[in-house]
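Data first, discussion second: the structure below is written as C-alpha cells.
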Amino acid sequence: MHVFNVTGMTCAHCERAVTQAIQALDPQARVEVDLAAGTVRVEGAPSEQQIRAAIEEEGYQVR
C-alpha cells in the first residue's frame, strides 16, 4: 500500500479526478481519498512513481 500527502484537493471533483487518474493505470487499484486529511491511499499494482505522476498530472502537489 502507498500513502501520499496531497495538497490542492478540496471537493468531490478532486477526489474523483485523482481516483480516475490512478485507476487508469490499474483498474483494479483500490483508492481512498481523504480530503480533510489531504491523503491518498492506494492498494494495487501501480508503482509509487506512476501514482505520483498521475496525481501531479491532475494538477495536485504530492508531498
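Note on the range 1-32: among residues that are polar (S, T, N, Q) and more than 8 Å from the chain's Cα centre (by Cα), the one that is most open to solvent (accessible area, probe 1.4 Å) is Q28. Residues of the range 30-51 that are among the aliphatic types (A, V, I, L, M) and touching a strand residue (DSSP E or B) at 6+ places or on another chain (Cβ under 6 Å): V31, V33, V40, V42, I51. The residue list G38, G44 contains one member that is open to solvent by less than 80 Å² (accessible area, probe 1.4 Å) and modelled with pLDDT under 95, which is G44. Checked against the criteria, A53 does not count as over 15 Å from V6 (Cβ atoms) and either hydrophobic (A, V, I, L, M, F, W, C) or open to solvent by 50 Å² or more (accessible area, probe 1.4 Å) (or both).
The values are calculated or read from the model by the stated rules, or taken from the named source; none is laboratory data. Quantities reported herein were computed from a predicted structural model and do not represent experimental measurements. Please note: Cβ atoms are built from the backbone with ideal geometry, for glycine as well, and neighbour counts cover all protein chains shown. Ligands, DNA and RNA are stripped out before the accessible areas are found, and what is left, the full protein with its side chains, is counted by its heavy atoms. Shrake-Rupley method; radii C 1.70, N 1.55, O 1.52, S 1.80 Å.
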